[in-house]
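The values are calculated or read from the model by the stated rules, or taken from the named source; none is laboratory data. Note that the coordinates shown come from a computational prediction; the quantities given were computed from them, not determined experimentally. In this analysis, Cβ positions are derived from the backbone assuming ideal geometry, glycine residues included, and neighbour counts consider all displayed protein chains.
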Amino acid sequence: MIRIALCDDQQSFLELEKGIIERYLTQRSIDFQCDIYISEEDLLSQDEAISKYNSFILDYKMDGLTGFETALEIYGVYPNAKIAFATNYYDFTREGYKYNAVRYLVKQEETFKLYMKKLY
């Protein structure tokens, strides 16, 4: 089973991202679980259970920690985590790769589809 964690402080983007991922994986008959977190605190409260996820999609700019800071916390518990950053801020793409991001996603449906295709 594929387990994906989405973390974004905007509910509308979480629902959009989750819908794209669910449609993509369902159409391919892939068994999955996609959990959403409205804040980095909610996600990080999973502690060591965070390692149950195959991949993470983190918003870059959140009210608390940035996606980059959240990624560092995840790597502290789960060093082999596959993390992608989602944002509407194009200026931060190069910085995201400093945090070992597997991909940088602009919040558009086609971008998410391409990412899912590459992973699954």
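Details
- Subset of region 26-45 that is part of a loop (DSSP other than H, G, I, E, B) and hydrophobic (A, V, I, L, M, F, W, C) - its residue that is nearest to Lys61 (Cα to Cα): Ile38
- When restricted to residues that are in a strand (DSSP E or B) and more than 25 Å from Pro79 (Cβ to Cβ), region 6-22 contains 0.
- Extreme residue, farthest from Ser51 (Cα to Cα), among residues of region 1-13 that are of a type in the set (A, V, I, L, M, F, W, C) and surrounded by 15 or more Cβ atoms within 10 Å (Cβ to Cβ): Phe13
- Extreme residue, surrounded by the most Cβ atoms within 10 Å (Cβ to Cβ), among residues of region 62-77 that are closer than 11 Å to Leu44 by Cβ and not small (Gly, Ala, Ser): Thr70
- Sole residue being surrounded by fewer than 19 Cβ atoms within 10 Å (Cβ to Cβ), modelled with pLDDT under 90, under 14 Å from the mean Cα position of the chain (by Cα) and in a helix (DSSP H, G or I), chosen from Thr93, Thr111: Thr111
Listed here are the residues, each with its yes/no results for (1) surrounded by 14 or more Cβ atoms within 10 Å (Cβ to Cβ); (2) not hydroxyl-bearing (Ser, Thr, Tyr).
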position	(1), (2)
Glu15	no, yes
Gly19	no, yes
Arg28	no, yes
Asp31	no, yes
Asp35	yes, yes
Ser39	yes, no
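- Selection status of Leu6, without any contact (Cβ under 8 Å) to a residue 40 or more places away in the chain and of a type in the set (A, V, I, L, M, F, W, C): no
- Residue list for region 41-50, filter: polar (S, T, N, Q) and either more than 26 Å from Leu72 (Cβ to Cβ) or exposed (fewer than 15 other Cβ atoms within 10 Å of the Cβ) (or both): Ser45
Rundown of residues vs (1) basic (Lys, Arg); (2) modelled with pLDDT of 95 or more; (3) assigned to a helix (DSSP H, G or I), yes/no style:
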site	(1), (2), (3)
Tyr24	no, no, yes
Lys61	yes, no, no
Leu65	no, no, no
Phe68	no, no, yes
